[in-house]
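The values are calculated or read from the model by the stated rules, or taken from the named source; none is laboratory data. Everything numeric in this text was worked out from a predicted model, so none of it was measured. As a convention, Cβ positions derive from the backbone with ideal geometry for all residues, glycine included, and neighbour counts pool all protein chains shown.
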Amino acid sequence: MRPAAGPPVPLLGILDIWRAKCPKDPPANPVAAHAHRRMLGTTMYEHVLAVTDGSPEAERAVEAASALARAHRARLTVAAVVELERPGRHCAYGSSEWNEVLRDAARADLSRAWGLIQVPAEFEIFYGKPVDAVADGARAIGCDVIVVAGSPHGIGKVLRRDRTPALRRRVACEVIQPD
């Protein structure tokens, strides 16, 4: 005669074992922290927005956004921002020429980004001041996460200000900066 069995004991899968060993606090690195939350099953994205300006840091952000979109089977939108020059009192002709140069530069940034991605994507140009344009564009397209360029290194750190904290204050979604 067999002894009475208690409730069935579930078999632990690899992910359950990893969760049991995983530290509860996410790492300080934003990309690693995101991967940590994803492995715990607490984050799932449907629409990823990558912002590019043609810099090497922005190219790494586009690659990270592409990998993120592939991992989540999410939509990917790659955007460039153009801050148009307003026509002046004495130089209306020059400003329209300059605005066309800025649009061409944004198109070139987007075409370089197209060569870096590994998933189908949409490409957008947002107009306005960079932080406001990205925040408004993210709301308009309904993205869940924004991937922006990491802080520049070397002389670029002195010349270019990091606007990510201002963007985080203006959007409801997560903002990630790859290293």
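Numbers below:
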| quantity | calculated |
| --- | --- |
| Residue tally, condition outside any helix (DSSP H, G or I) and surrounded by 12 or more Cβ atoms within 10 Å (Cβ to Cβ), over region 109-124 | 7 |
| Among the residues listed as ALA74, ALA106, ALA67, ALA92, the single one being crowded, with 20+ Cβ neighbours inside 10 Å and at pLDDT below 95 | ALA106 |
| Hits in region 49-66 - residues which are under 10 Å from ASP109 (Cα atoms) and polar (S, T, N, Q) | THR52, SER55 |
| Sole exception among (1) modelled with pLDDT of 90 or more; (2) surrounded by fewer than 19 Cβ atoms within 10 Å (Cβ to Cβ); (3) touching a Ser or Thr at 6+ places or on another chain (Cβ under 7 Å) for PRO87, by number | (1) |
